[in-house]
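Visitor: The structure that follows is given in the form of structure tokens.
The values are calculated or read from the model by the stated rules, or taken from the named source; none is laboratory data. In this text the structure is predicted, and so the values were computed from the model without any measurement. Don't worry about glycine lacking a Cβ; one is built from the backbone with ideal geometry, like all the others, and counts go over all protein chains shown.
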Amino acid sequence: MEVAAIAGLVLIVGIVALLALGIPISVAVGTSSALAAITVLGFENGLLTSAQQMFRGVNNFSLLAIPFFVLAGVIMNNGGIALRLVNFAKMLVGRAPGSLAQTNVAANAMFGAVSGSAVASVAAVGSTMGPLQAKEGYPRDFAAATNIASAPSGMIIPPSNLMIVYSLVSSTSVAALFVAGYVPGILWAAVCMAIVHVYARKRPELRVTEKLSAAARLRVAGQAVPALLLIVIVIGGILAGIFTPTEASCIAVLYSLVLSFVYRSIKVRDLGEILLDSGRTTAIVMFLVGVSAVMSWVMSFAQIPQMVTDALLTVSTNPYVLIVLIVVLLLVIGCFMDPTPAVLIFAPIFLPVVTAFGMDPVHFGIFMVLALSIGTITPPVGPVLFVGAKVSGMSIESVMRRLLPFFVGLVVLLLVVAMTPALSLWLPGLLGLA
Amino acid sequence: MTHVKNALDVTLRWLCVLLLAALVLVVAWQVFTRQVLSAPSVWSEELAKYLFVWLSFFGTALVFGERGHIAVDFLVRRAPEHLQRAAAVLSQVVTFAFAALVLVYGGWQLSQLTWTQDVPSLPLMVGWLYLVLPVSGVLVLFYTVYHLVAVVRGVENATTDGEPDAV
């Protein structure tokens, strides 16, 4: 067997075996990649190259946006920002059937548009909306399921760290990916709203009769303006070419910090814990990024993406069949793995396949992030599901039952987004980004 | 050993907090010089990158100390207790091997090779920056030995149950 094939085999068998044994994903990927590098370059040079690739992978100015968006998210999670967005969402939804559940969906989408962390969103919005809905007679399992199903929309609506990670592995523009996420992310929220509507339509008791006066409406909207202004500053700043995404993320940190101090929702002495929390998450992500750089080096040497492309093309050459196949693979991967490592490991493998039949890398990024976001609300590895169930005090099983219709709706949305490039590419095209 | 670990934990926590705070300030300074002074700082981008690398690797060591790196552990969680313990031991052994070979050995070689190479725009040598690999590697070695002993002696559980972190 030639050396490239042996290296490829060492890499794949190593990763699968070490993951199955419950070894941290980063260590499994790093160790297998280093062993494969040794088989190619020998002991000394293999380890030297591994260390170098790891450092090079992390040493990247544009990735600095990741810790900053994480930090901004943690600050907003502690701050009074979520509460003001919830109030604003409630006003927008008004007295539609199931209005409080609809409010929950809208608040998650808005929180996603300012922060981008689905777990922060499911916890912050869920802990506000859950008790409110329980008081108005909403079944608690339904309320929890609505909150869980709608929270990941924030990972698709910009800013989104997952998109930054994808932009790194696919060499696409962060600005284009961010803008491309708007339509599919809003559709995610729309799917959730449609399902809530179907459920609540026949239950007249799920309406809030309280009617806000014009003055009250104005006050609620005014209170949400500072938080919503963040979208204009961050996304607007990037699109107008005023800031790089990294600079914009730093502005997001400073802005959310100032807002939270003004709202008196965080104190100076909380800052240490907030920074530490963000530092931890950053380290977990960046260590994964580092070992993935070693893995990409080995993979391209062993020509693994080429092998996967050839193998998939023997199954079918019909693009739609291949898309469905990749959708199924991504959904399965998403069930077992967090989205960031999944993007780092599988984007380099699938990207050559989809570009071979003419899919735009930005479109694939959206479709991949969407598929993996569905994975965050499915067991056995579903952080949004677990945190959402926990804040609602419901068991995973009872929430799962109510989650099923949402899940079906979201998979349909995924297929539609995968088959319709315009849903992802129209807006960036309009703004001259794609 | 526990005393050493606690002292190390506290030191690394402070280091991460300070590095991240410094990172915010340095990039804020860069935005300020570029947007307001129209005279972009020449050193801030390089410095920010290296602070970020240090934060990433020292943070990595800290998270190993907390057994907090994400794993696909639903299979192991369904296994009987003695197998869980064996998997936990193996996990520490593999992490030890990775840290020893790639971070400490590979990182040290790399640092030696580039010891006298200048960093553009900062009064530093490239080799010094690479030193973060072997240094954080040694910390990871210490933590893996600590957890290995703790798991074998039954002081720590085979599986950790932290808050799920969506990354």
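Visitor: Given the conditions (1) at the interface with another protein chain (Cβ under 8 Å from one of its Cβ atoms); (2) touching a strand residue (DSSP E or B) at 6+ places or on another chain (Cβ under 9 Å); (3) under 26 Å from A:I274 (Cβ atoms), report the number of the one that B:C16 does not fulfil.
Guide: All conditions pass for B:C16, except number (2).
Visitor: How do the helices (runs of 4 or more DSSP H) wholly within segment B:53-115 filter down when requiring 1 or more residues that are among the charged types (D, E, K, R), more than 7 Å from every other protein chain (Cβ to nearest Cβ) and out of contact with any Leu (no Cβ under 8 Å at 6 or more places or on another chain): which remain?
Guide: Here the list reads B:74-77, B:81-98.
Visitor: Also: Taking into account only those residues within segment B:95-123 that are surrounded by fewer than 20 Cβ atoms within 10 Å (Cβ to Cβ) and in contact with a strand residue (DSSP E or B) (Cβ under 8 Å, 6 or more places away or on another chain), which is modelled with the lowest pLDDT?
Guide: Filtering first and then ranking leaves B:V119.
Visitor: Next question, about the same structure. Which condition breaks for B:L129 when tested against (1) more than 19 Å from A:D338 (Cβ to Cβ); (2) within 9 Å of chain A (Cβ to nearest Cβ); (3) at pLDDT 95 or above?
Guide: (3)
Visitor: Scan A:G42, A:G98 and give me the residue that is at positive phi and either within 11 Å of another protein chain (Cβ to nearest Cβ) or without any contact (Cβ under 8 Å) to a residue 24 or more places away in the chain (or both). Lay out the reasoning, then the answer.
Guide: Values: A:G98 fails: either within 11 Å of another protein chain (Cβ to nearest Cβ) or without any contact (Cβ under 8 Å) to a residue 24 or more places away in the chain (or both).
Of A:G42, A:G98, the one residue that is at positive phi and either within 11 Å of another protein chain (Cβ to nearest Cβ) or without any contact (Cβ under 8 Å) to a residue 24 or more places away in the chain (or both) is A:G42.
Visitor: From A:A143, A:A107, A:A123, grab the single residue that is at pLDDT below 90, crowded, with 19+ Cβ neighbours inside 10 Å and under 20 Å from A:F407 (Cα atoms). Full working, then the answer.
Guide: Details: A:A143 fails: at pLDDT below 90; A:A107 fails: at pLDDT below 90.
The match here is A:A123.
Visitor: Does A:A418 count as over 17 Å from A:L370 (Cα atoms), of a type in the set (G, A, S) and under 20 Å from the mean Cα position of the chain (by Cα)?
Guide: no
Visitor: Scan the helices (runs of 4 or more DSSP H) fully inside segment A:285-365 and keep the ones with 1 or more residues being touching a Gly at 6+ places or on another chain (Cβ under 8 Å) and surrounded by fewer than 17 Cβ atoms within 10 Å (Cβ to Cβ).
Guide: The qualifying helices (runs of 4 or more DSSP H) are A:304-315, A:319-336.
Visitor: Please verify whether segment A:245-260 includes one or more residues that are surrounded by 14 or more Cβ atoms within 10 Å (Cβ to Cβ), among the aromatic types (F, W, Y) and within 12 Å of chain B (Cβ to nearest Cβ).
Guide: yes
Visitor: List the number of the failed condition for A:L239; all other conditions in (1) under 29 Å from A:K90 (Cβ atoms); (2) more than 9 Å from chain B (Cβ to nearest Cβ) hold.
Guide: Only one criterion in (1) under 29 Å from A:K90 (Cβ atoms); (2) more than 9 Å from chain B (Cβ to nearest Cβ) is unmet by A:L239, namely (1).
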